[in-house]
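Below: one structure, written as structure tokens.
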Amino acid sequence: MKRRDFIINSALAVGGAALLAGCGKKEVKKSVNQVVRRKFDNLEMPLIALGCMRLPMRDGKIDMAELDKMVAYAMEHGANYFDTAYMYVEGKSENAIGEILKQYKRDSFFLTDKNPSYLVNSPSDVHRIFKEQLKKCQVEYFDNYMVHNINKGTISNYRDNDMYGELLKLKNDGLIKHLGFSFHGDPKMLKEVINEHKWDFCQLQLNYLDWEVINGDQLYEIAEEANVPVIVMEPLRGGALCNIPAKAAEKLKAECPDDTQASFGLRWVANKPLVFTILSGMSNLQQVKENIDTFVNYRPFTEKEEKVAHEIAQIIQSQGAINCTACKYCMEVCPRGINIPAIFGLYNLYKASAQPNAEFMFVTNYNALKEEERADKCIKCGLCNKNCPQGLNIPDLLADVLKKVEEVEKSMS
């Protein structure tokens with residue numbers, strides 16, 4: 001390993017405070033190929049942004065050398081917007097992105113963070129967590145800052161502790177440039193939240209599947225009525241729209257041969273005029289390059305492509321897959337440590353596969369999970385349901401997956 005890579009990978013070992021040896025502040029060498037930008041307030045924001053929930057990993061730790069390359073490539077191509085949160089990557093995301101970004105001049109990038117509503121039990125918690133985040137990210141202010149994950153389980157925390165009012169104080173002090181919220185509730189709740197305060201923006205889960213499955217169209221319309229700009233999360237549904245069923249993939253290839261599954265999904269989201277940036281949880285440099293290429297060579301979505309997106313969404317729904325985006329919020333409260341996203345992901349891959357050995361691979365991969373992480377360890381306490389942004393009945397779905405595993409094992413014996 002090169003000395004520089006060793007230094008970067010060692011940075012978090014001392015609490016995220018180690019300096020990258022001898023680098024000072026980097027001058028960004030701008031590529032001629034810049035991503036397209038959208039106006040937000042008086043700023044020009046890149047239409048694609050690096051979401052820091054699914055960072056590159058190596059041996060169970062964040063691969064800082066790979067992240068350094070990802071950030072450098074993004075910065076060179078004008079994709080200078082980075083989004084992190086308190087709980088991402090088991091609480092290590094903020095340290096990691098802060099350690100990398102401190103190489104650059106503060107006014108050369110946009111950094112977003114979020115106050116975890118589920119951990120706020122008093123107004124003082126808002127300020128305590130915020131100060132901790134500034135320190136972890138090694139910055140003096142956040143460009144965009146949010147009340148994180150307002151849903152049916154957290155809305156009382158948000159309201160009872162006046163999170164908006166407390167964060168507004170920080171905005172008035174210049175520590176937050178723009179104040180918004182991320183949302184995982186139903187349309188009725190969004191209408192209440194978006195109209196009860198003066199928000200600079202909101203962050204919604206939008207993609208061409210959820211547009212039809214979980215009222216994505218209604219959520220967007222509510223933001224449009226309130227004239228509140230939108231940041232998009234889960235544009236590819238946790239990677240599910242990069243691994244669509246074979247029948248859907250064939251249709252996409254036939255109708256839109258110039259698109260990858262990822263570029264098709266990203267372009268669909270970008271076609272919504274209220275959207276000013278799109279978060280993509282990229283896990284390696286290759287994904288960064290592919291996504292940036294989509295927005296360097298950006299093509300607006302056509303009416304024909306809208307029809308194709310609708311047809312693909314119908315095909316995906318017909319496969320009976322579980323609407324899980326692998327956000328891992330359920331795992332934060334599961335008392336048994338069940339690997340719910342992995343179980344649902346394996347099931348979805350099985351349902352989407354047309355391979356003759358799909359059932360065998362499904363059970364083989366399921367049984368490769370640690371015994372204590374499997375579906376049969378569920379005690380049906382229901383805590384996961386309260387934390388699920390998708391509103392899934394997780395215990396029942398785990399039971400369904402377990403039943404399928406048992407059926408396949410019986411047929412193979």
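Each value in this text was obtained by applying a stated rule to the coordinates, not by laboratory testing. These numbers come from a predicted model, not from an experiment. Cβ: placed from backbone, ideal geometry, glycine included. Neighbour counts: every protein chain shown.
5 Å is the cut-off here: which amide hydrogens, built 1.01 Å from N in the peptide plane, fall below it relative to R38, excluding neighbours closer than 5 in sequence?
Placed amide hydrogens put M45, L47 under 5 Å from R38.
For the range 33-316, what is the convex hull (Cα atoms) projected area averaged across all directions, in square nanometres?
It is 14.3 nm².
Residue by residue through the range 141-147, what is 3J(HN,Hα) from phi via Karplus (6.51 cos²θ - 1.76 cosθ + 1.60, θ = phi - 60°)? Round to whole Hz and write x for glycine and proline.
Coupling constants for the range 141-147: 7, 10, 5, 10, 9, 9, 6 Hz.
Under 5 Å between amide hydrogens, which residues at least 5 positions from M146 or on another chain qualify, with H placed 1.01 Å from N in the peptide plane?
Result for M146 returns D113, K114, N115, G180.
Can you pull the one-decimal nm distance between simple spin-label points at K253 and S108, each 7 Å off the Cα toward Cβ?
Distance between label points: 4.2 nm.
Could you derive backbone 3J(HN,Hα) for the range 40-53 from the dihedral phi with the Karplus parameters 6.51, -1.76 and 1.60 (θ = phi - 60°), listing whole Hz in sequence and x where the residue is Gly or Pro?
Using θ = phi - 60°, the values come out as 9, 6, 10, 10, 10, 9, x, 6, 10, 9, 8, x, 9, 8 Hz.
By counting other Cβ atoms within 10 Å of each Cβ, how are W211, W268 ranked from fewest to most? The partial results should precede the final answer.
Working: W211 20, W268 24.
With the fewest neighbours first, W211, W268 line up as W211, W268.
When a/c is below 1.5 the answer is rounded, else prolate if a/b is larger than b/c, else oblate, so apply that to the range 36-88 with a ≥ b ≥ c taken from the square roots of the Cα gyration tensor eigenvalues.
On the way: a/c = 3.91, a/b = 1.84, b/c = 2.13.
It comes out oblate by the Cα gyration axes.
Take the Cα atoms of the range 300-364, build their convex hull, and give its volume per residue in Å³.
Cα-based convex hull of the range 300-364, divided per residue, equals 115 Å³.
Can you give the calculated 222 nm mean residue ellipticity of the chain, where each DSSP H run of n ≥ 4 adds -39,500 (n - 2.57) and the sum is split over every residue, rounded to the nearest 500 deg cm²/dmol? Can you show the working numbers first?
Values: 18 runs with 184 residues, N = 413.
It lands at -13000 deg cm²/dmol.
Under the rule of at least 5 residues apart or a separate chain, name every residue whose amide H is placed under 5 Å from the amide H of T277.
Long-range HN contacts for T277: V232.
Round to a whole angstrom and tell me the spacing of the C-alpha centers of the range 150-205 and the range 360-413.
Rounded to whole Å, the Cα centres lie 34 Å apart.
What is the gain in length, in nm to one decimal, between R58 and Q34 on full extension, counting 0.36 nm per residue of separation less the C-alpha to C-alpha distance?
5.7 nm
Which ³J(HN,Hα) values in Hz, rounded to whole numbers, follow from the phi angles of the range 387-398 under the Karplus curve 6.51 cos²θ - 1.76 cosθ + 1.60, where θ = phi - 60° and Gly and Pro get x?
Values, residue by residue: 9, 7, x, 8, x, 6, 8, 5, x, 5, 5, 4 Hz.
Just to be sure I understand the model, the point goes 7 Å from the Cα along the line to the Cβ. What's the resulting D293 to D186 distance in nm?
Reported label-point gap for D293 and D186 is 4.3 nm.
Calculate the dipole size of the chain relative to its Cα centre from +1 charges on Lys and Arg beta carbons and -1 charges on Asp and Glu beta carbons; express the result in debye to the nearest 20.
Computed about the Cα centre, the dipole is about 1000 debye.
If you find the alpha carbon centre of the range 254-291 and of the range 215-237, how far apart are they in angstrom?
The two parts, judged by their Cα centres, are 17 Å apart.
Suppose we take every Cα in the range 115-197 and form the convex hull; what volume per residue is that in Å³?
So the per-residue Cα hull volume is 83 Å³.
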